[in-house]
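What follows is a single structure, written as structure tokens, with notes after it.
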Amino acid sequence: MLFDVDDTLIDYAGAEHDGIVSYLRSLGVEVDIDVAAARFGELQEFHFNRFLAGRTDYVGQARSLAKDMIAWMKVRSTGDPYRWFLGYRERYEASLRLFPDVLDGLAALGNVPLGIVSNSDTAFSRVKLQRVGLLSRFKCVVGVDAAGVSKPHPRIFHTGCAALGYPPAVTAYVGDNKLGDAAAADAAGLLGVWVNRSGAGGDGVTDLRQLAVTLELDPGLAATPPRRHDRSDRREPFASQSA
């Protein structure tokens, strides 16, 4: 079974908000903190999407993000903007938290081999997982840099399957994005599972503690594949249906 990281296992949105608020307060900048945090989120999304599109590397998108944020705040810039970003990242990493269902949900999977497939950088994904004490739980960590493409491209899912050591047909992929994670994994030949934490619409699994039962796994068997229900009669939480 392969997992997404941000907003699936780790509360990324919460850590980003808390990290930038803490960092800006430590800098003593004279801006509306809530407005600045919202602007930072917009810039983060813009520059990270450039990274995913292959227009820059991880450090490059981080440097550009910091440069644009500094300019927006109209504060004097000194030195490499990437150092400013690293100051934020330190606060962000300190704010990282697992969702409360993660440890019990993974424990219920027993010996089922687990891996990570993320649109983030591989090394940074490993740092985050180490920070929250999960790194040793996963056999492999595959980031966009390792696969050469980002989700929803099938290759990144297949790269994850190869690293885990199992073919797509017996591998599930669990993520918080219904289309970019679950439906894309389905299209790549895996079993896509949507983590719908809000519960809106009644689709998906709302809690990772539901996974083992929902997928009808035998956690005592390391290679037991997730049960693949007839594609012509798919019911949620499997998310091959359009949003």
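The values are calculated or read from the model by the stated rules, or taken from the named source; none is laboratory data. In this text the structure is predicted, and so the values were computed from the model without any measurement. Heads up, the Cβs are rebuilt from the backbone with ideal geometry, glycines too, and the neighbour counts pull from every protein chain shown. Areas reflect the complete protein model, heavy atoms only, side chains present, ligands, DNA and RNA absent. Shrake-Rupley method; radii C 1.70, N 1.55, O 1.52, S 1.80 Å.
Taken together, the residues in region 154-192 that are among the hydroxyl-bearing types (Ser, Thr, Tyr), part of a helix (DSSP H, G or I) and open to solvent by 50 Å² or more (accessible area, probe 1.4 Å) amount to 0.
When region 193-217 is filtered for residues that are at negative phi and in a loop (DSSP other than H, G, I, E, B), the ones remaining, listed by number, are Asn196, Arg197, Ser198, Asp203, Thr206, Asp207, Leu215, Leu217. Cβ-Cβ contacts under 7 Å between residues 6 or more apart (or on different chains), taken from a first residue in region 127-146 that is modelled with pLDDT of 95 or more to a second residue that is part of a helix (DSSP H, G or I) and open to solvent by 60 Å² or more (accessible area, probe 1.4 Å), are listed as Leu135/Arg126; Val141/Arg126. Working only within region 39-69, note down all residues that are modelled with pLDDT of 95 or more and aliphatic (A, V, I, L, M). Scanning region 39-69 gives Leu43, Ala62, Leu65, Ala66, Met69. Taking the conditions exactly as written (exposed (fewer than 14 other Cβ atoms within 10 Å of the Cβ) and touching a helix residue (DSSP H, G or I) at 6+ places or on another chain (Cβ under 8 Å)), does Asp121 satisfy them or not? Considered against the rule, which asks whether it is exposed (fewer than 14 other Cβ atoms within 10 Å of the Cβ) and touching a helix residue (DSSP H, G or I) at 6+ places or on another chain (Cβ under 8 Å), Asp121 comes out as no. With the requirement that a residue be among the small types (Gly, Ala, Ser) and open to solvent by 20 Å² or more (accessible area, probe 1.4 Å), what does region 18-40 give you? If the condition is that a residue be among the small types (Gly, Ala, Ser) and open to solvent by 20 Å² or more (accessible area, probe 1.4 Å), then Ser22, Ser26, Gly28, Ala38 are the ones that fit.
From the list Ala53, Ala15, Ala71, Ala62, the one residue that fits, being surrounded by fewer than 17 Cβ atoms within 10 Å (Cβ to Cβ), closer than 30 Å to Leu179 by Cα and either within 18 Å of the chain's Cα centre (by Cα) or not acidic (Asp, Glu) (or both), is Ala53. For region 1-12, filtered to residues that are open to solvent by 20 Å² or more (accessible area, probe 1.4 Å) and in contact with a helix residue (DSSP H, G or I) (Cβ under 8 Å, 6 or more places away or on another chain), the residue that is nearest to Ile116 (Cα to Cα) is Asp6.
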